[in-house]
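Working notes for the structure below.
Laboratory data are not the source of any read-out in this text; all were calculated from the coordinates shown. It should be emphasised that the depicted structure is a prediction, and the values quoted were computed from it without experimental measurement. Cβ sites come from the backbone with ideal geometry, for glycine too, and all protein chains shown count toward neighbours.
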Amino acid sequence: MIKRLALIALLATLAACGDMDFGSVGGGGVFLAGKPAPVVKTKTLADVGGDMSKITSYRYPDPRMYKLSFDAALKQHKPIVLEFATPGHCTQCDQQLQMLKDMLNKYEHKVLFLHMDQYYNPEAYDAFQVRGEPWTFVINTKGVVKEVYPGRMLYQEIDPVLADLTSTTGKSAAGASTAGASTAGKDK
């Protein structure tokens, strides 16, 4: 009887999701590539009185990743690396954040790096439709999602993307928006 009820609940849930477009890879925000990033206010260090333990489960957090709310970061018109990772229960997330701290040191004045921990910023997970971890979104200067990386990503994968975005940062707005549009075609 319990198995039958569970099956009915599962089928009802799947039926409700019938009109959703999950892109070529499947769920978790992939279909956002090439589209404007959702605007969402997220917690910052100032919101938690500077207490890192109230904004991340990461053992070695870098305060630079928690200075801005995502909505405020979009207003800076800089490329953004938005990392969804909850290292309190995800070993890969811990490794991912270590790598991003190295990237932050390299691109600190050209790219904004924000870390979202599911325990402390669930609204961002909902807005970006993130399921599972880690997920990395690279957003261009126009607020368009340029790249989406489900799972752990390598330095060699993101470095060329950031190098390209930062080299177009000073160029025309058309160049920046073209960079975001290129991913939309790639995912179809």
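For the pair Glu108 and Asp159, label points projected 7 Å from Cα toward Cβ lie 1.9 nm apart. Judged by the ratio a/c of the largest to the smallest principal axis of the C-alpha gyration tensor, the stretch 21-160 counts as rounded, that ratio being less than 1.5. Scoring 46-52, 124-130 by mean Cβ neighbours within 10 Å over their residues and listing the highest first yields 124-130, 46-52.
Between amide H atoms placed 1.01 Å from N, distances below 5 Å from Glu147 occur with Val138, all of them 5 or more places distant or on a separate chain. Considering the zone a paramagnetic label at Ser167 would reach in this model (a point 7 Å from Cα along the Cα-to-Cβ line), which residues of the stretch 97-123 have amide N under 17 Å from it? Correct set: 107, 110-111. Our coupling estimate for the stretch 37-54, obtained by passing each phi through the Karplus curve with A = 6.51, B = -1.76, C = 1.60 and θ = phi - 60°, is 5, x, 7, 9, 7, 10, 5, 10, 4, 4, 5, 10, x, x, 7, 4, 5, 9 Hz, Gly and Pro reported as x. Distant-in-sequence amide contacts of Phe113, defined by a placed amide H-H separation under 5 Å and a gap of 5 or more residues or a different chain, comprise Val81.
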